[in-house]
Amino acid sequence: MSDPTTALLDKCNRLLAYAASYPNNETVFTASDMILHMQSDASYLTRSHARSVAGGCFYMGNIDQPTHINGTVTAVSNTIDVVVSSAFEAEYGAVFIIAQIGVWIRTILNALKYPQPPSIILCDNECAVGIANDATKLRKGKAIDMRFHWIRDRISQKQFKVLWRKGANNLADFFTKALPVHIHQSLMPFLVHTPLDRNNRFHSARVQRFINQPIIRH
């Protein structure tokens, strides 16, 4: 940065301390049917100039287990390039951004002879899920960025399915906002393999919630 501040220095020191605390993190991939699954999230108005953040993670799994987390093949944490008018629009925009990346991953997988059924995107905003699936009608939807409706067309083409999942069990939350330390620590085992203190009181209960939490199909 051309004009760094002491606040930035504190953030850099914290990042370096974190890296030093977990020097052996690894991404672990387990055997699967190579079916692409995604999780999507957004944080509304959490950046300067009224901007929002879209985040998501991508992993391979089995067709009947979209919530079983495998090693992450890529992840996204991007500032949405327009000012959205609501939390719903931020979430809808995040689904659009995640799906656009999902398109080229699907293309690669198909080229590698792993044919893909409609790829599941898990989202924790029911309104965004309803609009994406054309199951919810907006009375005043002209303010929504037109690009975001691209996802509706791709759903009709059977390329994607957008399903709702409880926010507390949405891994994409990790990529959109600064989380409390205990939540951050409990999500880490789903994204990286890292030596954890066997007395970590957050890990076990959180793992069971993620494994057992059902999804609601729309």
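None of the figures in this text is laboratory data; all of them are computed from the coordinates on show. Because the structure is a prediction, the values reported are computed rather than measured. Neighbour counts run over all protein chains shown; Cβ positions are idealised from the backbone, glycine included.
Among 57, 12, a tally of other beta-carbon atoms within 10 Å of each Cβ gives an order, fewest to most, of 12, 57.
A cut-off of 5 Å between modelled amide H atoms, ignoring neighbours fewer than 5 places along the same chain, links residue 193 with 26, 27, 28. Using the Cβ-Cβ distance between residue 158 and residue 78 with R0 set to 30 Å, the FRET efficiency from 1/(1 + (r/R0)^6) comes to roughly 0.70. Pick from 38, 60, 146 the residue whose mean-square fluctuation is largest in a GNM of the chain, springs joining Cα atoms under 10 Å. In the Gaussian network model the winner is 146. Modelled spin-label separation between residue 146 and residue 30, with each label point placed 7 Å from Cα along the Cα-to-Cβ direction: 4.6 nm. By the helix-only formula, in which each DSSP H run with n ≥ 4 contributes -39500 (n - 2.57) and the sum is divided by residues, the chain has a 222 nm mean residue ellipticity of -11000 deg cm²/dmol. Ranked for footprinting exposure by Cβ neighbours inside 10 Å, fewest first, 147, 51, 106, 165 give 147, 51, 106, 165. Across 136, 74, 30, mean-square fluctuation computed from a Gaussian network of the chain (C-alpha pairs under 10 Å connected) peaks at 30.
Using Cα centres only, tell me the gap between the range 93-126 and the range 29-46 in whole Å. Between the Cα centres of the range 93-126 and the range 29-46 lies a distance of 9 Å.
Once fully extended, how much extra length lies between residue 184 and residue 63, figured as 0.36 nm per residue of separation less the alpha-carbon to alpha-carbon distance? Working it through step by step, the gained length comes to 40.8 nm. Sequentially through the range 17-28, phi angles give Karplus couplings (6.51, -1.76, 1.60; θ = phi - 60°) of 5, 5, 4, 5, 6, 10, x, 10, 4, 9, 9, 10 Hz, Gly and Pro residues having no value and appearing as x. Out of 35, 118, 67, whose Cα points farthest toward the positive end of the dipole of the chain (charges: +1 Lys, Arg; -1 Asp, Glu; placed on Cβ)? The residue sitting most towards the positive pole is 118. Rounded to 0.05, the FRET efficiency of the residue 17 and residue 137 pair, given R0 = 35 Å and the Cβ-Cβ distance, is 0.10. Pairs of lysine residues in the chain that meet both criteria, 8 or more places apart or on different chains and Cα atoms under 19 Å apart, total 4. For the range 1-36, backbone nitrogen atoms closer than 18 Å to the point 7 Å from residue 110 Cα along Cα-to-C-beta are found at 34-36.
Placing unit charges on the Cβ atoms only, positive for Lys and Arg and negative for Asp and Glu, gives the chain a dipole magnitude near 440 debye about its Cα centre.
Taking amide hydrogens as placed 1.01 Å from N in the peptide plane, the amide H of residue 84 sits under 5 Å from those of 52, each at least 5 positions away in sequence or on another chain. Distance between the 7 Å Cα→Cβ label points at residue 100 and residue 45: 2.5 nm.
Converting phi to 3J(HN,Hα) with the Karplus coefficients 6.51, -1.76 and 1.60 and the offset θ = phi - 60°, the range 79-88 yields 6, 5, 7, 10, 7, 8, 9, 7, 5, 4 Hz in sequence order, with x at every glycine or proline.
The phi torsions of the range 165-171, fed into the Karplus equation with coefficients 6.51, -1.76 and 1.60 and a -60° offset, translate into couplings of 9, 3, x, 5, 10, 9, 5 Hz, rounded to whole numbers, with Gly and Pro shown as x. Under 5 Å from the amide H of residue 161 lie the amide H atoms of 119, 120, 121, each residue being 5 or more positions distant or on a separate chain, with H modelled from the backbone and absent for Pro and chain starts.
Beta-bridge orientation, the range 26-212: approximately 65 percent antiparallel, per DSSP, counting only bridges with both partners inside.
Using a/c under 1.5 as the rounded threshold, could you call the range 19-138 rounded, prolate or oblate? The axes a ≥ b ≥ c are square roots of the C-alpha gyration tensor eigenvalues, and prolate needs a/b larger than b/c, oblate otherwise. In terms of gyration-tensor shape, oblate.
Candidates (i) 28, 24, 16; (ii) 25, 19, 17; (iii) 31, 18, 17; which is the computed semi-axes √(5λ) of the Cα gyration tensor in Å? Read-out from the structure maps to (i). Taking other C-beta atoms within 10 angstrom as a stand-in for reagent exposure, 80, 151, 98, 183 fall in the order 183, 80, 151, 98, fewest first.
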